[in-house]
Amino acid sequence: MEMHGKDLFLSLKGASIGPFPDEILSGLHWEVFKNQHWAITGANGSGKTLLAEAIVGKRPLLKGKLEYHFFDEPDQAAYFIPDHHIGYVSYSAAYELASYAHMFYQQRFNAAYSEDFLLTRDVLKNVLVKSDNTIAQATIHSRIETVADLLGIQKDLLNRKIIKLSNGETKKLLLARALVRQPALLVLDDPFIGLDKTARQKLQEVINNIIKAGTHVMMVAWENEIPDAITHVLALEAASQHKFYEKSSFDARPRKKLFNRVSIKKKLLKKVEQKNEESFQQAVKFVDVTVEYDNINVLDHINWTVNRGEKWALQGGNGSGKSTLLSLIYGDNPQAYANEIYLFDKRRGSGESIWQIKNKTGFVSPEMHLYYPRNLTCSQVVQSGFTDTMEPISKLQPQESERMEVLFKMIGIQYLKNCLFSRIAMSEQRLVLLARALVKNPPMLIMDEPCQGLDVAHIQLIKQLLEEVCVSNETTLLYVTHYEAEIPDCVHSFLHLEKGKIINPVLQNNDVFKG
């Protein structure tokens with residue numbers, strides 16, 4: 001079918017995009033026509049999120065022109081305010097949603113401090129009132145109910161405080177917040193990030209239904225997670241190299257490796273290999289541990305032992321209790337004191353401080369990523385691994401400086417050292433936080449979805465790095481992921497949770513992966 005100018009929905013002409021003055025993406029000429037729904041794919045650093053941010057008006061072009069064509073009167077486009085007509089869902093949107101910058105990380109586990117947080121329903125109401133302060137209450141109720149039905153949001157979730165939402169539930173709220181205003185265009189930046197297999201399948205169906213309902217969709221996605229209703233694909237391969245496909249042609253093309261494999265430098269690894277001298281037999285021991293919120297058992301009579309040097313994968317869907325379990329181990333959850341929990345052979349509450357626990361543990365999680373201060377340089381973020389806080393160390397010892405430098409080089413992020421954490425891509429932030437977790441050579445690593453948002457090459461890098469470090473240093477590893485391919489080969493024990501309960505027996509091999 002031949003397309004004409006009047007069928008244009010959106011266009012970019014000679015667009016260059018990047019954090020000023022660097023051009024990450026340049027010379028992009030792209031025309032999007034009505035009834036086309038696009039996926040944007042490519043490796044980390046190819047400019048996918050930057051392009052999405054430019055389309056929704058959150059990032060100005062360095063060069064070129066962006067035009068919106070979805071108006072009856074062409075002159076209206078000159079006064080167009082994207083935020084009023086474009087819905088946007090991204091990882092950083094969760095940060096803005098709950099004003100995490102003004103909270104402390106442990107607050108989500110302290111119910112007494114969460115009374116001031118809005119209900120999910122109130123967030124959606126406020127979005128509508130902000131868009132139109134004359135909107136009728138009946139219209140507000142109708143729109144919220146319509147979107148809730150479309151996304152499968154139950155009434156109990158609408159009446160829950162946003163700080164108490166799981167990762168998957170937060171994603172639903174972000175989608176609802178974008179859709180409730182009935183936008184002409186919905187832009188999704190890696191919407192499947194952090195979702196379990198079932199939730200990913202359901203979200204695929206939701207996106208297909210949104211498209212069928214008449215909303216134009218653009219989305220940043222990995223090539224194996226593109227919904228069926230997407231019609232076209234823009235593949236970003238380098239700063240000025242991009243290819244356009246109809247989705248059928250994209251799916252039928254010869255499968256080649258799109259991403260170069262990234263490898264750790266083993267000569268550098270030798271410099272950080274150091275067997276941990278901490279003396280303990282059991283890293284973790286739970287005895288009949290139960291955690292309850294709002295009369296619901298989030299963890300239900302958990303008995304579990306992790307011996308020194310063991311490598312475990314924790315499995316289970318969104319809301320199964322994994323994050324709560326890890327919070328008890330890392331010292332962030334006050335309910336640890338009401339339970340019989342042993343860490344490094346010592347019972348919680350027997351005199352050790354939270355900082356003595358954190359000192360023996362390296363930690364990465366999506367929640368920590370959300371709460372992390374954005375006003376630090378990447379070097380300061382990694383330095384904060386020595387303090388076990390979110391503040392950098394005042395003065396580094398020579399051996400600490402050397403270890404930090406080696407990790408930057410080994411992970412391949414030395415170019416980020418002096419960059420502000422807030423100015424780099426989410427995937428780069430994840431690598432910086434990984435370096436922070438490793439920098440003090442802790443006897444135990446807790447890796448809660450460390451590969452979120454990373455491409456195949458960087459997933460292989462993290463797996464290789466963890467395998468080498470954990471085996472050579474006899475490090476205890478607790479690893480959480482919703483993707484089987486991300487589990488390091490050194491992991492041989494598996495704990496599966498469902499609705500806060502352990503599904504028996506505890507597996508010693510990964511016969512069935514339930515991510």
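The values are calculated or read from the model by the stated rules, or taken from the named source; none is laboratory data. All values reported here derive from a predicted model rather than from experimental measurement. A quick note on method: Cβ atoms are made from the backbone with ideal geometry, for glycine too, and the neighbour counts reach across all protein chains shown. SASA here: full protein model, heavy atoms, side chains in, ligands and nucleic acids out. Shrake-Rupley method; radii C 1.70, N 1.55, O 1.52, S 1.80 Å.
From 171, 202, grab the single residue that is crowded, with 18+ Cβ neighbours inside 10 Å, part of a helix (DSSP H, G or I) and of a type in the set (Lys, Arg). Before you say what the answer is, go through the steps one by one.
Working: 202 fails: crowded, with 18+ Cβ neighbours inside 10 Å.
Selected residue: 171, the only one of 171, 202 that is crowded, with 18+ Cβ neighbours inside 10 Å, part of a helix (DSSP H, G or I) and of a type in the set (Lys, Arg).
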Subject >> Residue in the stretch 23-59 that is least open to solvent (accessible area, probe 1.4 Å), counting only those that are farther than 24 Å from residue 459 by Cα, at pLDDT below 95 and in a loop (DSSP other than H, G, I, E, B) >> reply: 56
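Go through the stretch 468-490 and count every residue that is open to solvent by 10 Å² or more (accessible area, probe 1.4 Å) and not in a helix (DSSP H, G or I). Full working, then the answer.
Restricting attention to the stretch 468-490, the residues satisfying the condition of being open to solvent by 10 Å² or more (accessible area, probe 1.4 Å) are 468-469, 471-472, 474, 483-487, 489-490.
Adding the requirement that they be not in a helix (DSSP H, G or I) leaves 474, 483, 487, 489-490.
Going through the stretch 468-490 one residue at a time, the tally reaches 5.
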Subject >> Given (1) touching a His at 6+ places or on another chain (Cβ under 7 Å); (2) open to solvent by 10 Å² or more (accessible area, probe 1.4 Å); (3) among the polar types (S, T, N, Q), number of the condition residue 315 does not satisfy >> reply: (2)
Original post:
Of the residues in the stretch 124-165, how many are open to solvent by less than 20 Å² (accessible area, probe 1.4 Å), in contact (Cβ under 8 Å) with a residue 40 or more places away in the chain and either in a helix (DSSP H, G or I) or not hydrophobic (A, V, I, L, M, F, W, C) (or both)?
Top reply: 5
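Restricting attention to the stretch 315-345, which residues are outside any helix (DSSP H, G or I), more than 15 Å from residue 285 (Cα to Cα) and modelled with pLDDT of 85 or more? Walk me through how you get there before you give the answer.
Applying the first criterion (outside any helix (DSSP H, G or I)) to the stretch 315-345 yields 315-321, 331-333, 339-345.
Remaining after also requiring more than 15 Å from residue 285 (Cα to Cα): 315-321, 332-333.
Scanning the stretch 315-345 gives 315, 316, 317, 320, 321.
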Subject >> Sole exception among (1) of a type outside the set (S, T, N, Q); (2) open to solvent by 30 Å² or more (accessible area, probe 1.4 Å); (3) closer than 22 Å to residue 322 by Cβ for residue 368, by number >> reply: (2)
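Any chance the stretch 454-463 includes a residue that's touching a Pro at 6+ places or on another chain (Cβ under 8 Å) and open to solvent by 10 Å² or more (accessible area, probe 1.4 Å)? If you could, list the steps in order and put the result at the bottom.
So the first thing to find is which residues in the stretch 454-463 are touching a Pro at 6+ places or on another chain (Cβ under 8 Å), and the list is 462-463.
Retained after the next criterion (residues that are open to solvent by 10 Å² or more (accessible area, probe 1.4 Å)): 463.
Checked against the condition, which is being touching a Pro at 6+ places or on another chain (Cβ under 8 Å) and open to solvent by 10 Å² or more (accessible area, probe 1.4 Å), the stretch 454-463 yields at least one hit.
Is it fair to say residue 113 is under 23 Å from residue 482 (Cβ atoms) and modelled with pLDDT under 85? Full working, then the answer.
Working: under 23 Å from residue 482 (Cβ atoms): no; modelled with pLDDT under 85: yes.
When the stated conditions are applied, residue 113 does not pass them.
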**OP:** Count, please, the residues in the stretch 472-486 that happen to be modelled with pLDDT of 85 or more and either within 25 Å of residue 278 (Cα to Cα) or out of contact with any helix residue (DSSP H, G or I) (no Cβ under 8 Å at 6 or more places or on another chain) (or both).
**Re:** 10
Original post:
Out of all the residues in the stretch 346-401, which are polar (S, T, N, Q), within 20 Å of residue 446 (Cβ to Cβ), free of Cβ contacts under 8 Å to residues at least 24 places away in the same chain and assigned to a loop (DSSP other than H, G, I, E, B)?
Top reply: 353, 387, 389
